[in-house]
Amino acid sequence: MEILKPATAGTLESSDAQITVEPGEGGIALELHSSVMNQYGRQIKATVLETLERLGVENARVTVVDKGALDCTLKARVECAVFRSCDKSQANIPWGGVIR
């Protein structure tokens with residue numbers, strides 16, 4: 001999927017994450033801010049990158065502001081932000097069908 005415009009999903013509440021995707025060039029540029037960076041930073045990064053790969057996103061700038069979200073929440077937020085950026089969130093999409 002190609003990122004067409006900036007889009008955001010999620011909140012800054014506890015146990016959630018705010019994901020912003022923007023068009024980019026030359027691969028995935030990931031910026032991560034987390035209240036649990038020392039404990040889970042590598043896992044958060046891996047989850048976000050894996051989700052982007054499954055969605056077919058090859059070029060994007062992604063900003064993650066994590067407030068202790070679980071992996072399933074991170075996957076859902078990334079999926080939603082990507083679909084919003086492609087104007088596909090209004091289409092008949094089987095939410096969660098891409099993520100396994």
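Every number here is computed from the coordinates shown, using simple stated rules; none is lab data. Computed from a predicted structure; not experimentally measured. We place every Cβ from the backbone using ideal geometry, glycine too, and count neighbours over all the protein chains shown.
By how many degrees, between 0 and 90 and to the nearest 10, does the Cα long axis of helix 71-85 differ from the longest principal axis of the chain? Computed tilt is about 30 degrees. Counting 0.36 nm for each residue step from K45 to L70 and taking away their Cα separation leaves a gain of 7.8 nm.
Amide hydrogen proximity for L32: with H placed 1.01 Å from N in the peptide plane, the residues at 5 or more positions away or on another chain lying under 5 Å are V64. Projected label points at L32 and L12, each 7 Å from Cα along the beta carbon direction, are separated by 2.1 nanometres.
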